[in-house]
Structures are given as structure tokens and as C-alpha cells.
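First the structure, in the form of C-alpha cells, and then the observations on it.
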Amino acid sequence: MVLIPGTTLLPTGLLGATYLVFLGFLFLGISIVADIFMEAIEVITSQTKEVVQHDPDTGKEVMVEVQVWNPTIANLTLMALGSSAPEILLSVIEALGTLGQPAGPLGASTIVGSAAFNLLVISAVAVVAVDKPKKILDTGVFFTTAVFSIFAYLWLYICLSVQSVGVVTRTEAWLTILFFLILVVLAFVADRVFASYLKANEDRETAEARKAEAALAGKRNELRQFSKNLSGGDQAVMEVAQQIKSA
């Protein structure tokens, strides 16, 4: 919309200012769309469901509310898709616009530049922005994702400069998807191993606090289920209020 015939005859300074304003307008639009997209993904990943679990202390079956999505899987799939949506859309638009022609520089440069910016600049800003040093709790998942991040650049170099120079074959494309699936599986395994390690090495106070929290959550679920089955009446309402007060 800015590249109107005859605009190249205008002064260079005026064109630069106009393009800068229009570029800011585009960035604002992208940020709005990205925020809405990320909010939708957060709604999806925050979904919970009620499952029946055995309480080893009481020996009873209790209803517990758990998350549907594993946080590690959500971060590697949906969250990554949301944060990289603009770059992916730019690459798709360029690929569709240059079908049957040599690939342009926009797609690969956008993906590689975005990944490098996230890996270097975002990590550095996150460390500098806090007052006290932050400790990486789950080093297994961090190590897995860090290794695959470096391997992604190496694999891109192998595809474009070693195996098939300047061309991405169908086999290389399927292998790339397979590598991503391997990353998700390994990260999930590392997450479960670390969760088991924490559970096995938690101290007595932490275990008691966790049990108390689980018991409270079970009581809340029972009250929620009881309130759904209410048939009306002041007596039933008083019973629910008394149980909530006791909890």
C-alpha cells in the first residue's frame, strides 16, 4: 500500500519517515494479533479435567483436578507455535508466492533470525532483568532443548550446503519433522524423570504440605460436585455453606 507509483520522486527523507511510520503500524498490528493468539493458546493449555485417584493415606478414591496439557509439551508445541506464528506465516506466504521458482531469502532468514534472537538476546535480557541469579530447576529439559537448538542450525547447514546444495528434498523435510517429534518425546521423558526425582527426594514437610493441598483440592471438588447436584432448598444451601466453612 505504500509503494505507490511516483513516490520514488519524493525526497528521500520524507520517504524514510513515511516508511518508518508504516512499519511501526505493521508492528503494532502484528503485536495485537500475536497477543490474541497467545491468549487463545493459554486458554487451551490451562484446561483441566477431573480424574479419580487413590489416596494412600485414607485408602479412598478421591476426585482430583489435573491439567490436561503437560507444561513441557505445551511450551514446545503450542507456545512455540504462538511465539513463532509471524515468522511461520511470512515463510508460508513467500513459499506460496514463489512456487516453481528459487526460494527467496525472507523465509529462511526470518526463521533463523528469530531463533537466534530468542536464544541469545531474550536469554540475556531475562538474566539481566532480575535482581538475583535464577537457577534452572529442571536441567534435563533445558539440556535437551539446548542440544536440539544447536542441532537445528547444524542440520540446516547439512541440508543446504552438504547433502543437497541449495535444495531441501522431501526426505530432508520428513526427517526435520521426525527430529522435532524426537525432541518432544525426549523432553517429556526428561520432565517425567525429574518429577519422579523430586517426588522421591522431597522432605517430610514438603510431603505433608503436598498431601494437605491434595486433600483440600479433593474437598473442594467434592463440594463443587455436591453444589452441582443441589435440588434447591435453604437446608441444602446451609449444608454447603457449613462444609465450605469447615474446609
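Each reported figure results from applying straightforward, stated rules to the coordinates on display, with no laboratory input. Quantities reported herein were computed from a predicted structural model and do not represent experimental measurements. Positions of Cβ are backbone-derived with ideal geometry, glycine not excepted, and every protein chain shown enters the neighbour counts.
The simple Förster model, with R0 at 35 Å and r as the Cβ-Cβ distance, assigns L181 and L99 a FRET efficiency of 0.85.
How high is the FRET efficiency from Q53 to F22, r the C-beta distance, R0 45 Å, rounded to 0.05?
Using R0 = 45 Å, I get an efficiency of 0.20.
What net charge do the residues around V66 carry, taking every other residue with its C-beta under 11 Å from that of V66, with Lys and Arg at +1 and Asp and Glu at -1?
On the way: positive: K49; negative: E50, E65.
That sum, taken over residues with Cβ under 11 Å, equals -1.
The modelled label-to-label distance for the pair F188/L89, using points 7 Å beyond Cα in the direction of Cβ, is 2.9 nm. The stretch between S109 and V162 holds 17.2 nm of extra length on full extension. This uses 0.36 nm per residue minus the Cα-Cα distance. Gain on full extension, evaluated as 0.36 nm per residue between T169 and V33 minus their Cα-Cα distance, stands at 45.7 nm.
Quick one: net charge around G107, please, counting Lys, Arg +1 and Asp, Glu -1 for every other residue with C-beta under 13 Å from its C-beta. Net local charge, G107 excluded: -2. Between Y153 and D131, the distance separating the two model label sites (each 7 Å from Cα on the Cα→Cβ line) works out to 3.5 nm. Computed from backbone phi with θ = phi - 60° and the Karplus coefficients 6.51, -1.76 and 1.60, the 3J(HN,Hα) list for region 37-50 is 5, 5, 4, 5, 5, 5, 5, 5, 6, 8, 5, 10, 9, 9 Hz; x is used for glycine and proline. Count charges around V51 for me, please; just the other residues with Cβ under 11 Å from its Cβ, Lys/Arg as +1, Asp/Glu as -1. Here the count lands on -2. Modelled spin labels at A124 and E65, positioned 7 Å past Cα toward Cβ, are 4.3 nm from each other.
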